[in-house]
Amino acid sequence: MNERSSRHHKPTPAPTAVVVGGGISGLVAARDLAAAGHQVVVLEAGRSFGGCVGVHEVDGLSLDSGAESFATRSTAVADLATELGLAERITAPDPAGAWVHLPSGAIPLPRTGVLGIPADPWAPEVREALGFAGSLRASMDARMPASVGTTAEVCSVAELVRARMGAKVLDRLVAPVVGGVHSADPELLDVDMVAPGLRAGIRTHGSLAAAVAAQRAAAPAGSAVGGLVGGMYTLVDALAAQLREAGVELHVGHAVTGITRTDAGWTVAAGDWTATVDLLVVATDGPSAVGLLAPAVPALADFAPAAGPDVRLVTLVVDLPELDHAPRGTGILVAPQTPGIRAKALTHATAKWRWLADEAGPGTHVLRLSYGRSEGQIAADAVRAEPLPAETDAELVAAALADATALLGVPVTAADVTGSDVVRWRGALPFAAVGHRARMAQLRALAAEQPGLLLLGGWLAGNGLAAVVADARAQVMAAVGAKV
């Protein structure tokens, strides 16, 4: 399917660049390549653009079906939104903040942290989560040599936090955040990929707490995350519209079936469609990218990453005025060791985003519950003897109702539901395990030996829109050798 506007009647120029994958990284790359003078074609195998930034309609509300915010640790996403004419839509979430559900109950999550790591172990909300002994242990971080946790070439989130601040910080603060945001086990997650610069900050500032404080201070003023009025999917709409205006060919339903390398360039086939171009951008998930390129570049085959965790998002629209006072702030993260709750996080979307509350109206609330962890977390969860979430939509909705009731402290029943939907993201979140970063650097070095080949996506850049957007733009800028 060709999505170019029917008002274009001129013959289509032969492409000089093909982008395989119409997620955020692919669309951003196409935009910057077009600005640099390339004739660009984007091939997307699915039915829509945006990848993990999507939209679905539930009870008459257009809602994000994937990413619903972006990290503000850099200005990458805000800059892109501004360039697309969306500056006035950039918004911050309600300052009430999120909560964390521990085995002992629910408490507010400390707001001055990175990955749940506190900047001040003695802050009242941190002490409430850790207890006196836990805060005392965490405060020992300030007395440790800066070398603790920073000398190894690679380090997991858990190794760093446990060494410097202790097990309670890891179990009660970090594990819920890492599980909720990355669907991953902190024992397996590379800290340098999910919190770039944090270990270097320890060497600069003397402690993990000070490094966290410095990262928060260096970030743009306001919340650690931002969003767009109307939903993050409006970013995809604006990107696609601008690409069409620039003459970029956008195709959905075009799964690439073959890639070959010849003296003439890269030949890309998608069914009956074929083209030979100077520049090939592969912006798919990791396993798909390596699978497509391995026949042409056999050395890449050894670097195929594992698929990310399967994630299920259950959205409930409920008529429940009892939630008007947002009993658990903007949402609640669940400590993995908490018995009886199968969700890893609940987002109270109408409490988090004022624009959505206004659109939904008084008494109507949007709740989004996340299910699915990495294999490492599933193995750890088995100790709790808790069943894994059911897989049918009806069973997942039933599980979400039970979990929402437990997490919010307010009964949420089927009679309260005015609309629901289940969205499955299979392997969509790249899993940045310890050692992954070094392997991906090797893979990119191999790709760089191939003239006119760029590899993009979260599996290389790290999770989150901020990382993906910044990386895509940097890679394109380096490739075209000019400011775009």
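Some notes on this structure:
One line per residue, one yes/no per condition, for (1) touching a residue at least 24 places away in the same chain (Cβ under 8 Å); (2) open to solvent by 10 Å² or more (accessible area, probe 1.4 Å); (3) more than 28 Å from Thr330 (Cβ to Cβ):
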{"site": "Pro124", "(1), (2), (3)": "no, yes, no"}
{"site": "Ser135", "(1), (2), (3)": "no, no, no"}
{"site": "Met165", "(1), (2), (3)": "yes, no, no"}
{"site": "Thr204", "(1), (2), (3)": "no, yes, yes"}
{"site": "Ser223", "(1), (2), (3)": "yes, yes, no"}
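- Of everything listed in (1) closer than 30 Å to Thr16 by Cα; (2) at pLDDT 95 or above; (3) not aromatic (Phe, Trp, Tyr), the single unmet condition for Asp263 is (2).
- Verdict on Thr350 being over 21 Å from the mean Cα position of the chain (by Cα) and surrounded by 15 or more Cβ atoms within 10 Å (Cβ to Cβ): no
- Exactly one residue among Ala119, Ala67, Ala76, Ala87 is without any contact (Cβ under 8 Å) to a residue 12 or more places away in the chain, in contact with a helix residue (DSSP H, G or I) (Cβ under 7 Å, 6 or more places away or on another chain) and of a type in the set (A, V, I, L, M), and that residue is Ala87.
- For the range 65-87, residues that are of a type in the set (Asp, Glu) and closer than 24 Å to Thr347 by Cα total 1.
- Taking the range 224-325 as the region of interest, the strands (runs of 3 or more DSSP E) fully inside it that hold 2 or more residues being within 21 Å of Ala29 (Cβ to Cβ) are 249-251, 258-262, 265-270, 273-277, 279-282.
- Identity of the residue in the range 290-311, within 24 Å of Ser183 (Cα to Cα) and either at pLDDT 95 or above or out of contact with any helix residue (DSSP H, G or I) (no Cβ under 6 Å at 6 or more places or on another chain) (or both), that ends up most open to solvent (accessible area, probe 1.4 Å): Ala306
- Leading residue by the ranking (farthest from Leu33 (Cα to Cα)) among those in the range 207-256 that are of a type in the set (S, T, N, Q) and at pLDDT 95 or above: Ser207
- Leading residue by the ranking (surrounded by the fewest Cβ atoms within 10 Å (Cβ to Cβ)) among those in the range 95-108 that are touching a residue at least 40 places away in the same chain (Cβ under 8 Å) and over 20 Å from the mean Cα position of the chain (by Cα): Pro95
- Odd one out for Ala98 among (1) in contact with a strand residue (DSSP E or B) (Cβ under 7 Å, 6 or more places away or on another chain); (2) within 30 Å of Ala472 (Cα to Cα): (2)
- Residue satisfying condition, being out of contact with any Gly (no Cβ under 8 Å at 6 or more places or on another chain), open to solvent by 10 Å² or more (accessible area, probe 1.4 Å) and within 30 Å of Gly105 (Cβ to Cβ), within set Gly230, Gly180: Gly180
- Restricting the range 407-447 to residues that are part of a loop (DSSP other than H, G, I, E, B) and modelled with pLDDT of 90 or more, the residue that is nearest to Ile332 (Cα to Cα): Gly409
- Apart from one condition, Leu84 fits all of (1) at pLDDT 95 or above; (2) surrounded by fewer than 17 Cβ atoms within 10 Å (Cβ to Cβ); the exception is (2).
- The range 271-289 - residue that is open to solvent by less than 10 Å² (accessible area, probe 1.4 Å) and of a type in the set (Val, Ile, Thr) and, of those, farthest from the chain's Cα centre (by Cα): Val277
- For Ala152: the one exception among (1) modelled with pLDDT of 90 or more; (2) under 21 Å from Val334 (Cα atoms): (2)
- Here Glu57 fulfils each of the conditions (1) in contact with a Gly (Cβ under 9 Å, 6 or more places away or on another chain); (2) surrounded by 22 or more Cβ atoms within 10 Å (Cβ to Cβ); (3) not in a loop (DSSP other than H, G, I, E, B) apart from (2).
- Positions within the range 158-196 being part of a helix (DSSP H, G or I), more than 21 Å from Thr112 (Cβ to Cβ) and at pLDDT below 90, in sequence order: Asp192, Met193
- Screening Ala142 on (1) open to solvent by less than 20 Å² (accessible area, probe 1.4 Å); (2) at negative phi; (3) among the small types (Gly, Ala, Ser) shows it passes everything except condition (1).
- Within the range 447-473, tally of residues that are in contact with a helix residue (DSSP H, G or I) (Cβ under 9 Å, 6 or more places away or on another chain) and surrounded by fewer than 17 Cβ atoms within 10 Å (Cβ to Cβ): 2
- Residue check, Gly201 assigned to a loop (DSSP other than H, G, I, E, B), closer than 29 Å to Pro309 by Cβ and modelled with pLDDT of 90 or more: no
The values are calculated or read from the model by the stated rules, or taken from the named source; none is laboratory data. Treat the numbers as computed from the prediction; the structure is a model and nothing was measured. Ideal geometry is used to build each Cβ from the backbone, glycine not excepted, and the neighbour counts take in all protein chains shown. With ligands, DNA and RNA removed, areas are computed over all heavy atoms of the protein, side chains included. Shrake-Rupley method; radii C 1.70, N 1.55, O 1.52, S 1.80 Å.
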